[in-house]
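Student: Just passing along the structure, written as structure tokens.
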Amino acid sequence: MMAELKSSKLDAENVRNMEYNLFKSSLAQIGTIIVQNVIMLGFGMSLAIPTVVIGSLMLDDDGGGGGGGGADAMTLTETEASWYGSVLLVCHPTGGLLSGVLQEIVGRKWCMALVSVPQLIGWYVLWRAGNAFDLYVSCVALGLSMGLSEAPVLTYVGETVEPRLRGPLSSVSTFTIMLGSFVAYLMSTVMPWRTVAMINMAVPVVSFAAVVLLTPESPVWLLSRNRPTEAKKSLAYLRGCVSTADVEEEFSELSIYAGFNKSVDLEQYVDCGLDQRRLSYVKYLQINTNDNTNAEIDILANQNQTGFLDTLKSFWTPELNRPFLFIMLFFFFWSFATFIPAKPYLIAVFSEIGLPCTAQWTLVYTSILTLVGTLLNVLTVAKFGKRPITLVSMALCAFSMLGIGMYMVSTTYFSFSSTWIPMILLNALFFFSGYGVFPIPWMLVSEIYPTKGRGIASGLTAALAFLMTFILTKSFLEMQEWLTLPGLFTVYGSITLIGTLYLYACMPETENKSLQDIEHFFIGDLDDFEDCDNLS
């Protein structure tokens, strides 16, 4: 009887210790991701500032949104506004491609830290801007900082966070972007845009200090650079500052995935791609260790350090080209579903729709709805999964845009007017775009690419996604003149509906799946979900 009591006490103590370790691990990962996402706060502010400046300089005859000095008389023509509203997005791809290379050279941590440099320059130039050219220069710098930030942040989450937390934490970056946009919009209602730019200069300074001082390097990247001791220490820190012995099992699994572990069985990983099979051969070499085989191990390990050209060549392999094609089609429909090409011109769009409150305050409350939707995504994605959230959100965004288009046609041709109808539809559009459409593809970017080339592939994905957005944003005013605003809403809604059908047919479920399972899915039979641990 005493032995049974002692055993039950030990079991209860083990459960408490396990729960405590789980809590420490979760707290460490959440804290690290929140700290590094200060970068994305600046991203959101950068994304919002053209809307604020264009709304001020195109609507006020005296440039009253500028505030302070002779530059207050600065105004923008429609052509200048279209360039200013879109140049931010065309510079983003350049930064995205550059981040893909920098991630592999200097690591995820220092690539994130370097984001602060162009961002600080961009805010300073905007604060001192005296003409349209200065605005363009500020957008170039801010666009580069946006491109540099996205891929390393997403890659870092994918490589450092456990599957149980990866979904919610990968959506934190989108929430932070929305929060940054909301703060910028809110500040613009009570202060000139120059003051907003001046205050925003503090963000890159804080983010640089946070990343350098409080963020460890990705263990996967350290392993890819043959630095296992540092990688193990980093993993131990990310799991709650535990001892390296406590993460030995996870480190072993992670090093297999990263292509570093030398204790892999060939048959066990026969379906997991070339890198794992090569490392299985390294296992054979280790068993027969001598000076020659040690040299061969080093050669094989060095082969796992992927360069930019090697990664481009590897796009011909299923490990990269299948997830790449899938996510790029997703981003094509994402550009329409989020209505992001209209973002710099939202004040004028809201004014034309006809709403019961001013366009400036509509901008604020719709950004609140998007922010709330993104927060809800963080809280519910682990429970509902990415696929259902995406399909429901895409469908409702499509019907919202189609509804707004039909309402505007009815007010023109049938003299029907009821301002609460477009308000409800706009609320639905911005809420559900924040809940599912906007964050999900970025979350997938952090998951679907294999270790080999993940940094460059994610950078290229972000670059091409925003290149598409630039083309749509730059042509938005011309398309509006040709199709009219009701026609644009109808076209955007129709394309979003087609995108919903595409995702229903092709999108797998990745929530609570390991990176190995996800990679297995894309290199296997795309039609066979059951063979990949029921991935979909």
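Student: Points 7 angstrom from Cα along the Cβ direction at ALA209 and GLU249: gap in nanometres?
Tutor: Result for the modelled spin labels: 4.1 nm.
Student: At 7 Å along Cα-to-Cβ for each site, give me the label-to-label distance between TYR502 and TRP83 in nm.
Tutor: 3.2
Student: Which is farthest toward the positive dipole end of the range 51-204 among SER86, PRO192, CYS111, measuring Cα position about the Cα centre, with Cβ charges +1 (Lys, Arg) and -1 (Asp, Glu)?
Tutor: The residue sitting most towards the positive pole is CYS111.
Student: Shifting gears a bit: Using packing as a proxy for protection, rank 207-220, 91-104 so that the peptide with the highest average count of other Cβ atoms within 10 Å comes first. Present the calculation step by step, with values, prior to reporting the outcome.
Tutor: Working: 207-220: 20.4, 91-104: 24.1.
Highest mean packing first, the order is 91-104, 207-220.
Student: While we're looking at this one, here's another question. LEU186: accessible area at probe 1.4 Å, nearest 10 Å²?
Tutor: Around 70 Å² of this residue is reachable by solvent.
Student: How would you order 47-54, 120-127, 327-334, 223-230 from highest to lowest mean count of nearby Cβ atoms within 10 Å?
Tutor: Ranking the peptides 47-54, 120-127, 327-334, 223-230 by packing returns 47-54, 120-127, 327-334, 223-230.
Student: Filter the cross-link list LYS109/LYS383; LYS232/LYS513; LYS109/LYS343; LYS232/LYS383 down to pairs whose alpha-carbon distance in this structure exceeds 25 Å.
Tutor: Working: LYS109/LYS383 30 Å; LYS232/LYS513 23 Å; LYS109/LYS343 30 Å; LYS232/LYS383 31 Å.
In this structure, LYS109/LYS383; LYS109/LYS343; LYS232/LYS383 lie more than 25 Å apart at Cα.
Student: Across all directions of projection, what mean area in square nanometres is found for the Cα convex hull of the range 373-448?
Tutor: 5.4
Student: Remind me, what semi-axes does the range 173-232 give for its equivalent ellipsoid, largest first in whole Å, using sqrt of 5 times each Cα gyration tensor eigenvalue?
Tutor: For the range 173-232, the semi-axes come out at 37, 13, 7 Å.
The values are calculated or read from the model by the stated rules, or taken from the named source; none is laboratory data. Bear in mind that the values here come from a model prediction, so they are computed numbers and not experimental data. Please note: Cβ atoms are built from the backbone with ideal geometry, for glycine as well, and neighbour counts cover all protein chains shown. Quick note on the areas: whole protein, heavy atoms, side chains included, nothing else; ligands and nucleic acids left out. Shrake-Rupley method; radii C 1.70, N 1.55, O 1.52, S 1.80 Å.
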